[in-house]
Amino acid sequence: MKFLHLLSTEASQDITFHCLSDPLFSPTNTYSADDPGQEYQARPPRFRGWNGQMFEADSLLEPHMLLDECRIQDGSWHQSRFFFHTQDSYELPIIDIQEQPSSQSNDLRHLEVGPVCFL
């Protein structure tokens with residue numbers, strides 16, 4: 001891996017979540033003193049790169065979401081696809097994914113991690 005990092009100036013990778021009746025963005029509970037009711041915020045998964053950097057929403061290393069069908073809950077399999085591209089080849093491959101747990105016991109997910117392309 002070190003050899004590939006030394007010879008490369010950029011890298012890319014894609015990760016696909018396959019979901020059955022389970023939205024990828026799980027709601028989180030937040031409470032406000034002004035409104036004691038429950039609010040929901042979408043919280044996308046966070047991804048840890050090879051060098052420890054976190055790829056997450058609203059950051060410099062935000063992954064590109066190419067497809068977001070996991071929100072569809074019709075009893076069929078759907079996909080959410082993320083694409084990572086960086087000018088620092090040491091940030092890939094993705095080595096850890098931090099996501100919210102499934103919301104119901106009958107929800108299913110499958111993870112497909114694509115190869116890293118070093119350029």
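The values are calculated or read from the model by the stated rules, or taken from the named source; none is laboratory data. Remember, it's a predicted structure, so these values are computed and weren't measured experimentally. All Cβ positions, glycine included, derive from the backbone under ideal geometry; neighbour counts span all protein chains shown. Keep in mind that these areas ignore ligands, DNA and RNA; they rest on the heavy atoms of the full protein, side chains included. Shrake-Rupley method; radii C 1.70, N 1.55, O 1.52, S 1.80 Å.
So the values come out like this:
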{"quantity": "Subset of segment 41-58 that is without any contact (Cβ under 8 Å) to a residue 24 or more places away in the chain and within 25 Å of H5 (Cβ to Cβ) - its residue that is most open to solvent (accessible area, probe 1.4 Å)", "calculated": "E56"}
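Every residue, every condition in (1) open to solvent by 80 Å² or more (accessible area, probe 1.4 Å); (2) not in a loop (DSSP other than H, G, I, E, B), yes or no:
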position: L60; (1), (2): yes, no
position: G75; (1), (2): no, no
position: S80; (1), (2): no, yes
position: H85; (1), (2): no, yes
position: D96; (1), (2): no, yes
